[in-house]
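The values are calculated or read from the model by the stated rules, or taken from the named source; none is laboratory data. This is a predicted model, so every value here is computed, not measured. Virtual Cβ from ideal backbone geometry, glycine too; neighbours counted across all protein chains shown.
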C-alpha cells in the first residue's frame with residue numbers, strides 16, 4: 001500500500017538543479033494547500049503497468065499526521081517562483097521499546113515517525129528527498145526525539161535505498177499487513193461467543209497491562225481512545241464465561257480476544273487503478289452474481305475501483321484456550337460494523353511477523369503484504385539503556401523484547 005513512505009526514482013535527472021538552491025520550510029495551509037495537492041497529483045503514477053493503490057487525502061494534505069500529539073509537514077521550494085517540488089510529513093510521540101531489566105515496567109522513548117515523502121517527477125534524483133529527511137530529523141532532535149523511523153513496502157527499492165544508503169537508517173522490523181474486503185453479507189461470530197464493548201477507561205487499563213512489554217506502544221493511548229475516529233474497543237469471550245467475569249475486579253477472563261477499531265475513511269480514502277480489463281470484469285461479475293443470488297453468500301469483491309475507506313484494526317491481542325477462534329469471531333464482528341458503513345471497503349490490521357494473534361485474523365493473501373519494512377535511525381548520542389547483564393543495550397541492534405509490534409492507528 002502507498003500508506004507509508006513511497007519514493008519513485010526516475011532513471012536520470014530531468015533537470016540540473018543545485019540542491020543548495022532548494023529551500024525547505026514548514027507547510028502553511030492557506031498558502032500552500034492547492035500547490036501541494038497539484039504536486040502530489042503529478043507524483044501519482046502507476047508502476048510499470050501494474051495495479052496501484054492511490055490515496056485521496058480529501059482536500060487535507062496534512063490529514064495523516066493531524067491526529068498525532070505533535071506533527072509537522074515540510075515543503076521543498078525551488079526557483080524564484082518558489083515552486084513546490086517536494087513534501088514530507090512527520091509526527092512525534094513517546095512509545096515503549098520493551099521492559100526494564102528484572103521488571104515489567106516499560107521503557108519509554110521519544111520517536112519521530114516519517115511518512116508521506118514525495119518529490120516532483122521532474123526533480124527526482126537531485127538530493128531533494130535526502131534534504132527533506134534531514135530537515136525532518138533536525139525537527140525531531142530539537143524536540144527531544146531519540147529515534148526516527150519510517151515504514152515502506154519491502155519491494156520499494158527507491159525508498160529503502162534513500163533511507164538506508166543515504167540517510168543511515170537500518171532495517172528494523174517487518175510486520176505483516178493483513179487485509180480483508182468488506183462483503184455485502186454479515187459474518188457469523190461463531191457459536192458460544194459473546195462480544196462486549198469496553199469503556200475507554202477499562203480498555204486503557206487492559207492495554208497498558210497486555211502491551212506493557214511490546215514495542216511502539218504509545219504512552220498516550222488514552223488520547224487515541226478519546227479521539228472521534230476511534231469506534232471503540234471490543235472483547236470476545238466464551239458466553240459461558242460472561243456471567244462470571246466482573247471487569248471491576250481488574251481481572252481478565254481466562255480466555256479472550258480484544259481489538260480496537262479506527263475509522264480512517266473520515267480522513268482519507270484509497271482507490272485501485274491500473275488493473276487489467278479482465279480483472280475488472282471478474283470483480284464486477286462477482287458483485288452482480290452475488291446480487292442475483294444472495295443466498296449463495298458469494299464473497300464478492302467490493303468496488304475498489306472507486307474511492308473507498310478502510311477500518312484499521314489495532315491493539316489485537318488474545319489469551320487462553322480457543323483464543324484464535326475468539327479472535328476470528330471478533331474480526332467478524334468488526335466486519336459487520338464496517339458492512340453497515342457505506343463506502344468502507346476493507347479491514348486492515350498490521351501485526352508483528354511472529355505475533356501469535358496473526359493466526360486468528362482473517363485476510364485475503366492476494367490483498368495482503370507478508371512483510372512491511374520498518375527502518376530506524378538513532379538521532380541522539382545519549383547513553384544507552386542498561387540491559388540485565390549490565391551492558392549497553394541499543395534498541396536498533398537488540399533483539400525484540402516480544403513478538404508484538406503495536407501499530408498506532410494515527411499513523412496508518
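So is residue 290 buried (at least 17 other Cβ atoms within 10 Å of the Cβ), in contact with a helix residue (DSSP H, G or I) (Cβ under 8 Å, 6 or more places away or on another chain) and either farther than 24 Å from residue 327 by Cα or in the same structural domain as residue 112 (by TED's automatic domain parsing) (or both) or not? Answer is yes for this residue.
Of all residues in the stretch 213-228, none satisfies the criterion of being touching a helix residue (DSSP H, G or I) at 6+ places or on another chain (Cβ under 7 Å) and modelled with pLDDT under 95. Exactly one residue out of 198, 231, 202, 237 is closer than 30 Å to residue 100 by Cβ, out of contact with any helix residue (DSSP H, G or I) (no Cβ under 6 Å at 6 or more places or on another chain) and modelled with pLDDT of 95 or more: that is 198. Here residue 214 does not fit the description of being in contact with a strand residue (DSSP E or B) (Cβ under 9 Å, 6 or more places away or on another chain), assigned by TED's automatic domain parsing to the domain that holds residue 351 and farther than 16 Å from residue 314 by Cα.
Only one of 74, 126, 162 is crowded, with 18+ Cβ neighbours inside 10 Å and assigned to a helix (DSSP H, G or I); which? None of the others qualify; the one that does is 162.
Just to verify a result, which residue in the stretch 293-321, among those that are touching a residue at least 60 places away in the same chain (Cβ under 8 Å) and surrounded by fewer than 16 Cβ atoms within 10 Å (Cβ to Cβ), is nearest to residue 178 (Cα to Cα)? This residue is 299. Here is the figure for the stretch 129-159: residues that are more than 20 Å from residue 26 (Cα to Cα) and part of a loop (DSSP other than H, G, I, E, B) total 4. When restricted to residues that are assigned to a loop (DSSP other than H, G, I, E, B) and either surrounded by fewer than 21 Cβ atoms within 10 Å (Cβ to Cβ) or in the same structural domain as residue 154 (by TED's automatic domain parsing) (or both), the stretch 356-379 contains 7. Taken over the stretch 165-199, the residue count meeting the criterion of being over 22 Å from residue 365 (Cα atoms), touching a residue at least 60 places away in the same chain (Cβ under 8 Å) and either outside the structural domain of residue 71 (by TED's automatic domain parsing) or buried (at least 18 other Cβ atoms within 10 Å of the Cβ) (or both) is 7. Whenever a residue of the stretch 353-364 is touching a residue at least 40 places away in the same chain (Cβ under 8 Å), its partners that are surrounded by fewer than 19 Cβ atoms within 10 Å (Cβ to Cβ) and in a helix (DSSP H, G or I), lying with C-beta atoms within less than 6 angstrom and at least six residues away or across chains, give the pairs 360/324. Given the structure, is residue 20 in a helix (DSSP H, G or I) and modelled with pLDDT under 85? Yes. Inside the stretch 243-287, residues that are under 24 Å from residue 406 (Cβ atoms) and either in a helix (DSSP H, G or I) or not assigned by TED's automatic domain parsing to the domain that holds residue 185 (or both) make up a count of 4.
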